Amino acid sequence: MRNVFAYLAAASIVAASAVPVVEENFEEKLFERLSRFHEELLSSEERKGNARGLASLVRESKRTFPETRVLYAKALTFAELLEKAITRKDQEFLYGELTFALQSLAPKYGLHAFYCPLTQKTWIAKTETVRNPYLPEMRESGKRVN
C-alpha cells in the first residue's frame, strides 16, 4: 500500500512540473484597456473615465518588454497621473500624452492611433473610423496616424 502512495505522489509531482507556465501578455491587456478608456470618454461629455489599473499594466509591460523600456518609462508617469486625475479635462490631457507615448505600438494589437489637430492630442481606438473623444461637437475631427 505504501508503494501505491509513493507512486501517486511521484506522479503528481511529475505532472505538476510538466504544466507549461503561460505568462500573461500585459502589453496586450494595456492596449485593450486604452481602447476601452477611449470608449468611456466617448460615452459622456462630462463624466470621467475609469483609469484604474492602467499604471500597473504599463509597469508590467515595462518589466516584460525590455526593448520598449524607455517608451514605457515615459508612459508610466502619465498613467499614474491619469489614475489620480480629478477632472475630466485633466484625464483628457493625460490620456492624450499616454497614447502619444504608446501610439507606435498600437498596430501590434490591431488598434489604430489618431491625432486631433485642433486639440493636438492623440487617442487609440479599435476601429479605423475617426471618433474624437476630445471634441463632442466634432467627433469626426482628426486623422489616423498609423
With criteria (1) modelled with pLDDT of 95 or more; (2) closer than 23 Å to residue 46 by Cα, residue 144 comes up short on (2)
Subset of the stretch 36-56, residues at pLDDT 95 or above, of a type in the set (Gly, Ala, Ser) and buried (at least 20 other Cβ atoms within 10 Å of the Cβ), comes to 51, 55
Taking the stretch 114-145 and keeping only residues that are within 17 Å of the chain's Cα centre (by Cα), more than 19 Å from residue 26 (Cβ to Cβ) and surrounded by fewer than 21 Cβ atoms within 10 Å (Cβ to Cβ), one is left with 127
How many residues of the stretch 40-62 are without any contact (Cβ under 8 Å) to a residue 24 or more places away in the chain and either under 19 Å from residue 114 (Cα atoms) or in a helix (DSSP H, G or I) (or both)? The answer is 5
Pairing a residue in the stretch 109-125 that is without any contact (Cβ under 8 Å) to a residue 40 or more places away in the chain and assigned to a loop (DSSP other than H, G, I, E, B) with any residue that is surrounded by fewer than 17 Cβ atoms within 10 Å (Cβ to Cβ) and among the small types (Gly, Ala, Ser), where Cβ atoms lie under 8 Å and the two sit 6 or more apart in sequence or on different chains, gives 117/141; 118/141
Per the filter on the stretch 83-108, residues among the small types (Gly, Ala, Ser), crowded, with 17+ Cβ neighbours inside 10 Å and not in a loop (DSSP other than H, G, I, E, B) are 96, 101, 106
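The values are calculated or read from the model by the stated rules, or taken from the named source; none is laboratory data. These numbers were taken from a predicted model, which means no experiment stands behind them. All Cβ positions, glycine included, derive from the backbone under ideal geometry; neighbour counts span all protein chains shown.
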